[in-house]
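In what follows, a structure is listed as structure tokens, so that the remarks can point back to it.
Read-outs throughout are calculated quantities, based only on the coordinates presented, and are distinct from any laboratory measurement. Computed from a predicted structure; not experimentally measured. FYI the Cβ positions are ideal-geometry reconstructions off the backbone, even for glycines, and counts take in every protein chain you see.
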There are 2 protein chains.
Amino acid sequence: MKYGIVIFPSKTLQDLANSYRKRYDPNYALIPPHVTLKAAFETDMNVKEITKKIEDIAKKYEPFTLHIRKVSSFQPINNTIHLKADKTPELEGIYDDLYESLPGEKPDHPFVPHITIGQKLSNDEHSDVYGQLRMLGVEHEEMVDRIHLVYQLENQSWTVYETFRLGKDHQ
Amino acid sequence: MKYGIVIFPSKTLQDLANSYRKRYDPNYALIPPHVTLKAAFETDMNVKEITKKIEDIAKKYEPFTLHIRKVSSFQPINNTIHLKADKTPELEGIYDDLYESLPGEKPDHPFVPHITIGQKLSNDEHSDVYGQLRMLGVEHEEMVDRIHLVYQLENQSWTVYETFRLGKDHQ
């Protein structure tokens, strides 16, 4: 099975992201707006073993603030336009722990927590859309108190297997 | 917010359902295949209060077998074609408890646990598609050990808020 680990932000933030994704993200219908903590990985590992590991990691980190300050782009690496989130010790810790304890190599590029709002655009589209969106003021804060293990179906869409609340008190 | 409570079955069953939903269910892209335990309900109730109630209900019921035996239709009430699941004491108990402890009226029609594979078809399409599908042998059993609280976004799609494992040992 192919798994991934993500944060689904609040409805407010998801609705905002979807208003752009609808037009600019071909994955719009495959998964709700999210922050990827561990990219898609294929494994035959027993799902109970996977959930146990994530549970242990989730326990180590208390709920934290997700702070979005701007629309950004990964150009020249790729033309993914995204809502960039500030790094926090919790985001970096969870990211590192997940890559250490589960199958799947860490990507070459450094961890930039974000919510994708546009991708697979042509260069012209990218300049055009990014030119418009970067001028938007985005300033949003919210608490993150849970992470989600998702798996991919044959049609490429993703289903949630389980949610994990952060912090010692929530287990 | 608008909430719902569902079971997401295994990948195998979801892939099977999606192979039909793709063509016959306009909600295909809005939510993965599911068994509805509590239909969409609008409430201002605090989400922590909602999750506490579902947690208490989930604890009362042990994991159980979901048994699918046939393709069926709700005609003449409506032309929803579905994989019909056998009733079990757990399904009926969870259904009754959810309606008793959360906002939203019980529907008039009795509870028929099912996974929708086609809906909003014209009468001609319905006869045609149902005529083909009812002849398919469907015989599938799997364990259900969790239920999901979902909420609806502005674009009508659904996001998982939290999963609840069934049974005393899993809390």
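Each residue of segment A:71-77 was assigned a 3J(HN,Hα) from its phi angle through the Karplus expression (A = 6.51, B = -1.76, C = 1.60, θ = phi - 60°), giving 8, 9, 9, 8, 4, x, 5 Hz with x at Gly and Pro. Relative to the Cα centre, the charge distribution of segment A:2-170, modelled as +1 at Lys and Arg Cβ and -1 at Asp and Glu Cβ, gives a dipole magnitude of about 280 debye. Compared with the dominant Cα axis of chain A, that is its longest principal axis, helix A:11-24 is turned about 50°.
For chain B, the longest principal axis of the alpha carbon atoms and the long axis of helix B:123-133 meet at an angle near 90°. With the alpha-carbon atoms of chain B aligned to their principal axes, the span from lowest to highest coordinate is 45, 34, 29 Å, starting with the largest.
Can you find, among A:HIS82, A:SER19, A:VAL6, the residue farthest towards the positive end of the dipole of chain A? Put +1 on the C-beta of Lys and Arg, -1 on that of Asp and Glu. Of the listed residues, the answer is A:SER19. The orientation-averaged shadow of the Cα convex hull for segment A:1-94, equal to a quarter of the hull surface, comes to 7.3 nm².
What separates the A:MET45 label point from its copies, with the point 7 Å along Cα to Cβ, is 3.6 nm, written shortest first. Checking the cross-link pairs A:LYS48/B:LYS11; A:LYS38/A:LYS60; B:LYS52/B:LYS168; B:LYS59/B:LYS87; A:LYS22/B:LYS11; A:LYS38/B:LYS11 against a 22 Å limit on the alpha carbon distance flags A:LYS22/B:LYS11 as lying beyond it.
Between B:ALA40 and A:GLU42, the C-beta separation translates, for a Förster distance of 30 Å, into a calculated FRET efficiency of about 0.30. Partner shielding of A:5-11 amounts to 2, given as the average count of beta-carbon atoms from other chains within 10 Å of each residue beta-carbon. Working from label points 7 Å from Cα in the Cα-to-Cβ sense, the A:SER19 to B:ILE77 distance is 3.9 nm.
As a proxy for reagent exposure, B:ARG21, A:ARG146 were ordered by neighbouring Cβ count within 10 angstrom, fewest first; the result is A:ARG146, B:ARG21.
Sorted ascending by nearby beta carbons within 10 Å, beginning with the fewest, B:MET45, B:MET143, A:MET135 become A:MET135, B:MET143, B:MET45.
Among the residues of B:16-25, the average count of other protein chain beta-carbon atoms within 10 Å of the residue beta-carbon is 1.
Here the 3J(HN,Hα) profile of segment B:103-119, calculated from phi with Karplus coefficients 6.51, -1.76 and 1.60 at θ = phi - 60°, is x, x, 6, 5, x, 5, 6, x, 6, 10, x, 7, 10, 5, 10, x, 7 Hz, Gly and Pro shown as x.
Take the Cα of B:THR88, go 7 Å toward its beta carbon, and the backbone nitrogen atoms of segment B:116-142 under 12 Å from that spot belong to B:141-142. Between 0 and 90 degrees, the angle of helix B:89-101 with respect to the longest Cα principal axis of chain B falls at about 60 degrees. Counting, for every residue in A:29-37, the Cβ atoms of other protein chains within 10 Å of its Cβ and taking the mean gives 2. The slack between A:GLN156 and A:LEU136, meaning 0.36 nm per residue of separation minus the straight C-alpha distance, is 4.1 nm.
Each of A:LEU83, B:LEU13 was scored by other Cβ atoms within 10 Å of its Cβ. Listed from fewest to most, they are B:LEU13, A:LEU83. Here the average projected area of the convex hull drawn through the C-alpha atoms of the protein assembly as shown stands at 18.2 nm².
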